[in-house]
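Have a look at the structure below before the remarks.
The values are calculated or read from the model by the stated rules, or taken from the named source; none is laboratory data. Keep in mind that this is a model prediction, so the values were computed, not measured. Please note: Cβ atoms are built from the backbone with ideal geometry, for glycine as well, and neighbour counts cover all protein chains shown. Just so you know, the surface numbers come from the protein's heavy atoms only, side chains and all, with ligands and any DNA or RNA stripped out. Shrake-Rupley method; radii C 1.70, N 1.55, O 1.52, S 1.80 Å.
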Amino acid sequence: MKTVAFYTLGCKVNQYETQAITNIFENAGYNIVDFNKKADVYLINTCTVTNLSDRKSRQMIRRAKKLNGDSIVVVVGCYAQTAPEEVSKIEGVNLIVGTKERSKIIDYINEIETKKKKINVVEDIMNERSFEEFGSGIYKERTRAFIKIQEGCNQFCSYCIIPYARGPIRSRSEKNVVEEVKKLLNFGYREIVLTGIHIGSYGKDKKTTSLIELIKKVHEIDGIERIRLGSIEPNLISEDFVNTIKNLKKMCPHYHVSLQSGCDSTLERMNRKYTTLEYKKSISTLRREIEDVAISTDVMVGFPGETTEEFEKTYKFLDEISFSGMHVFKYSPRKGTPAASFESQVSPSKKEERSNRLFQLSKEKTVEFNKRFIGDVMPVLFEQKVNYKHGYIEGFTPNYIKVLCKGDENLKGQIVNVSLKETVDDFIIGKILDKD
Ligand code: SF4
């Protein structure tokens, strides 16, 4: 039996797509092996979000060939899409596929085996208009499943290369999303996350549907108990949107609303399409209408031209909004984006100092949020054993509080009522009460 090994760099969408490609190889009779083992085929699903991601992608491509000089090395994903010629020059690469044509990978490999020649199928993605279906990215042993509903982004934030790597927005059909959710039910999943590159734009290319219409369709499916959304942007959160989701009981009261900066002039340079005032309004609407809602965010420090004063504005804004969690990133120039050539790049030491301050603030705010729920009883969906003291398993409440309880693997995939006892670091220790 032929063997294949995978290596994935980058985001949740890439992980999902690698899983979908894994299923294609399994159906073609391949045996999946660890990436560090000898394999007949190595597939590296690359990322290009920073210059460092490109470098890491190249390293993994070279490592694959070293593991087996006779192997077929396949390079797919965002880096392959944006720099196919560069990838093609790396010694040992046999097949280059970007962010489309992934459904045909096995055919291309067969062609390479017979014709013994390199194949590069990367084409311009900027005029692509359809969502590529190439199977579902179902993880067989996880409790929370991601479903890709959309591809591409039309926003062109000044620091981001993704619109060039993924092309314009393309929505997956409602029918195919619903079918995939039903498949997931058969695998025993109870929680799903609707994900994509820019999910707020779902339906805008088709004009016959929208994210909220899709959510309603998924909500109608019997058996799915929890629905979450991947990252959204503040301008999606209108009064109408909130009034609809608040009545959909399976929608988890946790929203990850991308902010990036709490300073209007920085947001403008980033080409983000909202102001801090608009952001604040969206968050107030969510908090007013949805009880116990958790709101997390992404924030970037050291964007070109970010002065001390601008950073302090961001700090104050974050402190005021009080997120339940923050992902803090240091700006990293990405060649090919406008921001990479902006003047006044911020020094690495300043970025480090600012990110440390926000990281500390994030920890404090998570504890503050978690403390509000001590003494309450909440349903927890258990996911996996953790390395904490002895015999603990972790799970999440609907509003995404991480809870650790004494318990074994049998709890995995179950939703159980838990009494929340005390906060430790970024989680809560709970006591299991009963099973629902
Ligand atoms: S919204 Fe902005 S940051 Fe997000 S993928 Fe699109 S261009 Fe990149």
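Tabulated results
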{"read-out": "Heavy atoms of R287 accessible to a 1.4 Å probe, total area in Å² rounded to 10", "value": "100"}
{"read-out": "Over 27 Å (Cα to Cα) - which of K281/K421; K246/K273; K89/K148 fall in this group", "value": "K281/K421; K89/K148"}
{"read-out": "Global geometry of the range 48-155, whether rounded, prolate or oblate, following the gyration tensor of its Cα atoms and the 1.5 cut on a/c", "value": "rounded"}
{"read-out": "Within the range 377-435: Cβ-based charge dipole about Cα centre, in debye rounded to nearest 20 (Lys, Arg +1; Asp, Glu -1)", "value": "140"}
{"read-out": "Set of lysines with alpha-carbon distance to K412 below 17 Å, sequence-local pairs under 8 removed", "value": "K140, K385, K402, K431, K435"}
{"read-out": "Karplus-derived HN-Hα couplings along the range 101-117 (A = 6.51, B = -1.76, C = 1.60, θ = phi - 60°), whole Hz, x at Gly and Pro", "value": "6, 6, 5, 9, 3, 4, 4, 5, 4, 4, 5, 5, 4, 7, 8, 6, 9"}
{"read-out": "Where labels lie 7 Å past Cα in the beta-carbon direction, separation of D319 and E86 in nm", "value": "4.0"}
{"read-out": "No Cys partner within the rule (Cβ under 4.7 Å), the chain", "value": "C11, C47, C78, C153, C252, C263, C405"}
{"read-out": "Accessible-area composition of the range 377-435, carbon plus sulfur, in percent [1.4 Å probe]", "value": "46"}
{"read-out": "Additional length obtainable on full extension of the chain from E101 to E289, 0.36 nm per residue less Cα span", "value": "63.4 nm"}
{"read-out": "Nearby lysines by direct alpha-carbon distance to K206 (threshold 16 angstrom, same-chain neighbours under 8 apart not counted)", "value": "K175"}
{"read-out": "The range 196-306: relative contact order in percent, alpha carbon pairs under 8 Å with at least 6 residues between", "value": "27"}
{"read-out": "Cα shape, the range 1-97, gyration tensor, a/c 1.5 rule", "value": "oblate"}
{"read-out": "Karplus-derived HN-Hα couplings along the range 209-221 (A = 6.51, B = -1.76, C = 1.60, θ = phi - 60°), whole Hz, x at Gly and Pro", "value": "8, 7, 4, 5, 5, 5, 4, 4, 5, 5, 4, 6, 6"}
{"read-out": "Prolate/oblate/rounded label for the range 144-371 (Cα gyration tensor, a/c 1.5)", "value": "prolate"}
{"read-out": "Summed residue charge, Cβ within 10 Å of I393's Cβ, Lys/Arg positive, Asp/Glu negative", "value": "-1"}
{"read-out": "Surface share of carbon and sulfur [accessible, 1.4 angstrom probe, percent] for the range 259-369", "value": "52"}
{"read-out": "Accessible area of the chain divided out per residue, in Å², using a probe of 1.4 angstrom", "value": "45"}
{"read-out": "Vicinal HN-Hα couplings computed from phi for the range 330-345 (Karplus, 6.51 cos²θ - 1.76 cosθ + 1.60; Hz; Gly/Pro x)", "value": "8, 4, 10, x, 10, 4, x, 10, x, 5, 5, 9, 5, 6, 6, 5"}
{"read-out": "The range 3-120, relative contact order in percent, only Cα pairs under 8 angstrom and at least six apart counted", "value": "23"}
{"read-out": "Carbon/sulfur fraction of accessible area - the range 3-120, other protein chains in place, 1.4 Å, %", "value": "45"}
{"read-out": "Residue-averaged [θ]222 nm for the chain, counting only DSSP H segments that reach four residues, each worth -39500 (n - 2.57)", "value": "-10500 deg cm²/dmol"}
{"read-out": "Average Cα contact separation per residue, the chain, under 8 Å, 6 or more apart, as relative contact order %", "value": "10"}
{"read-out": "Cβ-based net charge around R62, under 15 Å, with every Lys or Arg adding one and every Asp or Glu removing one", "value": "+4"}
